[in-house]
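First the structure, in the form of structure tokens, and then the observations on it.
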Amino acid sequence: MDAEMEPAAYLPLLAIAIFAALFAVEKLFPLRTTRSALFGRLVINLAVAGLAYLTAMIVVRPSALHTLDWTAQNSFGLIQLMPAPDWAQFIVGFLLLDLSFYYWHVLNHKIPVLWRFHNVHHIDPDLDVSTAFRFHFGEVLLSTLFRVAQVSLIGMSFITFAVYEGVFQAGTLFHHSNVRLPIRLERLLNKVLVTPRMHGIHHSQVQYETNSNFGVVFSWWDKLHRTIGLNIPQSRIEIGIAGYSMPEDNRLWHALALPFRKQRDYWRKPDGTIPERDVAVVQDARTYLAE
Ligand SMILES: [Zn+2]
């Protein structure tokens, strides 16, 4: 490992510090009322996240770093073709990384085999900072293909890659958290960033709402692609996936085996009803963040 690799060593520590801070604040100032017992969810989410972390460290990260090395040696990728100063290359690389993660998230919802795995993230019956890295190891493994394509096509510098990774992790922890920010502050932040209320709507049981707000760091991509939906009050959101909303659906073994089993109708509750949005509670402008 050369000196350039050093910053990456601090990433897990930084992520743990941000996790602890958000965990404390969301208990003091919760945004949504929770439905299930915290301890049981924590055990499941940390176990699922642990397997995801191992998969990322053993497969995804080495593949991405190897690809990054290869693009630098062979002057491959969009950024390498750009006759621009380093700072401009950094900005373009950073934006392209975030835009490509937006597309990857959309694909995880649109392609059935990817959704089988990504659904495990969505069936968490509550949404808080512990949901942030609750991804099935199969989703993480499949993302290797995406990461290799992403890194080689963009061809960003190592520093762009490392800085984005840190911001990506911080952003993921932040927008999954159940922290109640003052609405005016959140509206301001949301002009640039994906925030807890915006991502909370992405975890709604209403199909149309789950299929909105795909962004990770910047909120612009959803506005640009018209996948934004901010006009749902948090108090009206039922978190989870309707077809997997029974308490026993969120057991560890069930969650890990879920992608390999016969799939249910995702959008229908066990009692046969389909969660729909009462239009009376929805504000008109889809781009105005509801409280
Ligand atoms: Zn999603």
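The values are calculated or read from the model by the stated rules, or taken from the named source; none is laboratory data. Keep in mind the model is a prediction, meaning the values are calculated, not measured. Neighbour counts run over all protein chains shown; Cβ positions are idealised from the backbone, glycine included. The protein model used for the area step is the full one, side chains on, heavy atoms only, and it has no ligands, DNA or RNA in it. Shrake-Rupley method; radii C 1.70, N 1.55, O 1.52, S 1.80 Å.
Couple of notes before you dig in:
- Condition met for D278 (open to solvent by 80 Å² or more (accessible area, probe 1.4 Å), touching a residue at least 12 places away in the same chain (Cβ under 8 Å) and charged (D, E, K, R)): yes
- Annotation note: Cβ proximity below 8 Å between a residue of segment 106-128 that is farther than 13 Å from R41 by Cα and among the aromatic types (F, W, Y) and a residue that is assigned to a helix (DSSP H, G or I) and within 11 Å of the ligand (Cβ to nearest atom) (sequence gap 6+ or interchain) occurs for W115/N108; W115/H109; F117/N108; F117/E139.
- D271 vs. criteria without any contact (Cβ under 8 Å) to a residue 12 or more places away in the chain, open to solvent by 20 Å² or more (accessible area, probe 1.4 Å) and not in a helix (DSSP H, G or I): yes
- Residues within segment 190-203 that are under 14 Å from the mean Cα position of the chain (by Cα), more than 16 Å from Y102 (Cβ to Cβ) and either away from the ligand (no atom under 11 Å from the Cβ) or in a helix (DSSP H, G or I) (or both), tallied: 3
- Residue in segment 247-265 that is free of Cβ contacts under 8 Å to residues at least 12 places away in the same chain, outside any loop (DSSP other than H, G, I, E, B) and under 19 Å from the mean Cα position of the chain (by Cα) present: no
- Segment 206-228, residues that are open to solvent by less than 50 Å² (accessible area, probe 1.4 Å), more than 13 Å from the ligand (Cβ to nearest atom) and in a loop (DSSP other than H, G, I, E, B): V206, V217, S219, I228
- Residues of segment 177-201 that are closer than 18 Å to V281 by Cβ and not basic (K, R): I183, M198, G200, I201.
- Looking only at segment 126-159, and only at residues there that are part of a loop (DSSP other than H, G, I, E, B) and open to solvent by 20 Å² or more (accessible area, probe 1.4 Å), the one that is farthest from the ligand (Cβ to nearest atom): S157
- Filter pass, L22 being open to solvent by less than 70 Å² (accessible area, probe 1.4 Å), at pLDDT 95 or above and either more than 25 Å from G215 (Cβ to Cβ) or within 16 Å of the ligand (Cβ to nearest atom) (or both): no
- Meets criteria (hydroxyl-bearing (S, T, Y), more than 10 Å from the ligand (Cβ to nearest atom) and open to solvent by 10 Å² or more (accessible area, probe 1.4 Å)) for S100: yes
- Scanning segment 233-253 for residues that are open to solvent by less than 10 Å² (accessible area, probe 1.4 Å), among the β-branched types (V, I, T) and farther than 17 Å from H118 by Cβ yields a total of 0.
- In the condition set (1) among the hydrophobic types (A, V, I, L, M, F, W, C); (2) more than 13 Å from the ligand (Cβ to nearest atom); (3) open to solvent by less than 10 Å² (accessible area, probe 1.4 Å), I123 is compliant with all but (2).
- The residues on offer are H118, H109, H105, and the sole one that is within 16 Å of the ligand (Cβ to nearest atom), open to solvent by less than 10 Å² (accessible area, probe 1.4 Å) and either under 30 Å from R277 (Cα atoms) or not basic (K, R) (or both) is H118.
- Residues (over 26 Å from the mean Cα position of the chain (by Cα) and either basic (K, R) or open to solvent by less than 90 Å² (accessible area, probe 1.4 Å) (or both)) located in segment 77-89: Q80, M82, A84, P85, A88
- W70 being closer than 16 Å to Q150 by Cβ and surrounded by fewer than 17 Cβ atoms within 10 Å (Cβ to Cβ): yes
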